[in-house]
Amino acid sequence: MQAHNSTSKQASRLNSDFWKYWTGQTISNLGSSITLFALPLLVYKLTGSALNLGITTAAEFMPYLLFGLILGAWTDRVDRKRMMIGTDIARALIIASIPLLYAFGLLVVWWIYVVGFVHATLTICFEAGQFAAIPSLVNQDDLVTANGRIQASYSGASILGPLLAGVLVTQVPLAVLMLIDAFSFLLSSFSLVLIKKRFNTGEKRAPTSIRSDVVEGLRYVLGHPVLRNISIMMAMVNFVGTTAYAQLIYFAKVRLQASDFQASLLYSAGSLGVVILALAAGPLRKRLSFSTVALGALMLEGILTVVFSLMRMYWVAAVLWTLIGGLGILFNINTSSLRQAIVPNHMLGRVISIASVLAWSAIPLGSLLGGFAISSTQNVALVYGVIGVLIFLIPLAFSFTALGHADRYVPKEKALVTE
């Protein structure tokens, strides 16, 4: 009887507005997961180059370095829900340009770089609003649970997306698959329209400039031992680790001799791992410290990446990639929930953008150097092995900083609790 009451209580917390949001974003992620597989495969088929794959990833992350701080501060000054609806519509239009140009025989690889750059710029705005929206939709105590449910549902769609793309690619051109992504953004915008709650709190703030907001956010992040060290550590991890994801198509094709459908299964395998460990994030976080779960997940991911680099057997590699994908997201869920518990609501938009800029600023250079390293050595396994070793060593070193006892920095009244 007591267990039933606990379940009912949790269900009542995750209200109808949350589930509208959850539904819209799950559909959107289904479309995006198709593009996540189809776009690098399209670049590979157009060029056959690891360097071009590296450039594609660099183009997608460069906006975080160039505009992230300004756009993050801007999203704290506008109606977040309206902004998210507008960016969804704009992302639908830019993605739809790829199949449109393909239909007229005008698609070239540099336009894919442009689309990635513009799409990422719009996504910065959407994600900043999304990060601040979740605390408006659920109670503080349910942040880890809500983030876990959202990530698990996203990843459930991410399992289906590459599988669907792997089947459809035998029937329709790769570029045409991106129409599904464009349509999913339109459905996402409609789901946001249906939500009654505001994504901004009613806090009154004195008029300030965007520059002062950025400076305030930077001081907050860089002055906080946990937030600062998370950003520095992730910049280092992303610098070395981005190549493992950017070159997955190349690894599958060259090292594993995978077909297009087998390559799609590899993407789905990574998402399956995300689903399993995203659902486990709440229970693990309840029993273990932030440092044990988050840093331990990264170190284990490094070890498994080394093993993955040695594989030539496709199915064993798929199992390893399942675990690697899940461990990565286990870290992300815990760090996101920690930030949401620590940071005041009116600063959430700029703080997540600042954190993203600091953590992802090294990705463009890392992806370019990774692509260059593979092209130069013609040894993708060696590059992946070095990546794995470094991913293990970096969080090990940071376990001796404030991240080794991060729970001490969470206010007691905002302690992360899950049912």
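Taking a ≥ b ≥ c as the square roots of the Cα gyration tensor eigenvalues, with a/c under 1.5 meaning rounded and otherwise prolate when a/b beats b/c, else oblate, which class fits segment 293-378?
Details: a/c = 3.63, a/b = 1.58, b/c = 2.29.
Note, shape of segment 293-378 comes out oblate.
Treating the beta-carbon of each Lys and Arg as +1 and of each Asp and Glu as -1, no other charges, what is the dipole magnitude of the chain about its Cα centre, to the nearest 20 debye? Intermediate values should be presented prior to the final figure.
Details: 29 positive and 17 negative charges, 137 e Å.
Value, rounded to 20: 660 debye.
Against the longest principal axis of the chain, how steep is helix 225-246, in degrees 0 to 90 to the nearest 10, with axes from Cα atoms?
Once rounded, the angle reads 20 degrees.
Can you sort ILE333, ILE232, ILE159 by solvent-accessible area, 1.4 Å probe, largest first?
Values: ILE333 10, ILE232 80, ILE159 40 Å².
Result of the area sort, largest leading: ILE232, ILE159, ILE333.
Can you tell me the length gained on complete extension of the stretch ARG287 to ASP407, counting 0.36 nm per residue apart and subtracting the Cα distance?
Details: separation 120, 0.36 × 120 = 43.20 nm, distance 1.26 nm.
Gain on stretching ARG287 to ASP407: 41.9 nm.
Over segment 262-348, what relative contact order in percent results from Cα pairs under 8 Å that are six or more residues apart? List each step's numbers first, then the result.
Working: 82 pairs, mean separation 40.8, N = 87.
Computed over segment 262-348, the figure is 47 percent.
With the Cα gyration tensor of segment 87-178 giving a ≥ b ≥ c as the square roots of its eigenvalues, does the rule (a/c under 1.5 for rounded; else a/b larger than b/c for prolate; else oblate) give rounded, prolate or oblate? Walk me through the numbers on the way to the answer.
Numbers: a/c = 3.83, a/b = 1.72, b/c = 2.23.
It comes out oblate by the Cα gyration axes.
Positive end of the dipole of the chain, charges at C-beta (+1 Lys, Arg; -1 Asp, Glu), about the Cα centre: which of TYR21, SER158, ILE342 has its Cα farthest in that direction?
It is ILE342.
Add +1 for every Lys or Arg and -1 for every Asp or Glu among the other residues with Cβ under 9 Å from the Cβ of ARG350, and state the total. Don't skip to the end; give the middle numbers.
Numbers: positive: none; negative: ASP76, ASP213, GLU216.
Around ARG350, the surrounding residues sum to -3.
Between segment 288-309 and segment 20-66, what's the alpha-carbon centroid distance in Å?
25 Å
Against the longest alpha carbon principal axis of the chain, how many degrees, from 0 to 90 and to the nearest 10, is the axis of helix 2-13 turned?
Helix 2-13 sits at roughly 80 degrees to that axis.
Using Cα atoms only, what is the angle between the long axis of helix 16-47 and the major principal axis of the chain, expressed in degrees (0 to 90) to the nearest 10?
20 degrees
Leaving ligands, DNA and RNA out of it, report the carbon-plus-sulfur percent of the accessible area of the chain at a 1.4 Å probe.
Values: 11870 of 17250 Å².
In the chain, the share of accessible area belonging to carbon and sulfur is 69 percent.
Provide the gained length on full extension for the span SER259 to ALA103, in nm with one decimal, where the gain is 0.36 nm per separating residue minus the Cα-Cα distance. Mind dumping the intermediate values first?
Working: separation 156, 0.36 × 156 = 56.16 nm, distance 2.51 nm.
So the extension gain works out to 53.7 nm.
As a test of the formula, what do you get for the chain when each DSSP H run with n ≥ 4 contributes -39,500 (n - 2.57) and the sum is divided by the residue count, at 222 nm and rounded to the nearest 500 deg cm²/dmol?
-27500 deg cm²/dmol
Which whole-number percent gives the relative contact order of the chain, counting Cα pairs below 8 Å spaced six or more residues apart?
Once normalised by length, the contact order is 30 percent.
Which shape class, rounded, prolate or oblate, goes with segment 255-312 when its Cα gyration tensor gives a ≥ b ≥ c as root eigenvalues, a/c under 1.5 marks rounded, and past that a/b bigger than b/c marks prolate?
Working: a/c = 5.52, a/b = 1.82, b/c = 3.04.
It is oblate, given that a/c is not under 1.5 and a/b is not larger than b/c.
Could you compute the net charge surrounding ALA381? Neighbours are other residues with a C-beta less than 10 Å from the C-beta of ALA381; K and R count +1, D and E count -1. Provide the component values of the computation, followed by the final result.
Numbers: positive: ARG255, ARG312; negative: none.
Summing Lys and Arg as +1 and Asp and Glu as -1 gives +2.
Please give the contour-minus-distance gain from LYS196 to VAL389: 0.36 nm per residue of separation, less the Cα-Cα distance, rounded to one decimal in nm.
Values: separation 193, 0.36 × 193 = 69.48 nm, distance 4.79 nm.
Length gained, LYS196 through VAL389: 64.7 nm.
For the ranges 20-30, 262-272, what's the packing order if you count other beta-carbon atoms within 10 Å of each residue, average per peptide, and put the highest first? Please list the in-between numbers first.
Values: 20-30: 21.7, 262-272: 24.2.
Final packing ranking: 262-272, 20-30.
When only the heavy atoms of the protein chains count and the probe is 1.4 Å, how do VAL343, VAL319 rank by accessible area, highest first? Numbers along the way, then the final one.
Values: VAL343 5, VAL319 90 Å².
Accessible-area ranking of VAL343, VAL319, largest first: VAL319, VAL343.
The values are calculated or read from the model by the stated rules, or taken from the named source; none is laboratory data. Fair warning: this is a prediction, and the values are worked out from it, not measured in the lab. Counting neighbours? That spans all protein chains shown, and the Cβs are built from the backbone with ideal geometry, glycine included. Side chains are part of the model used for accessible areas, which takes the heavy atoms of the whole protein and leaves out ligands, DNA and RNA. Shrake-Rupley method; radii C 1.70, N 1.55, O 1.52, S 1.80 Å.
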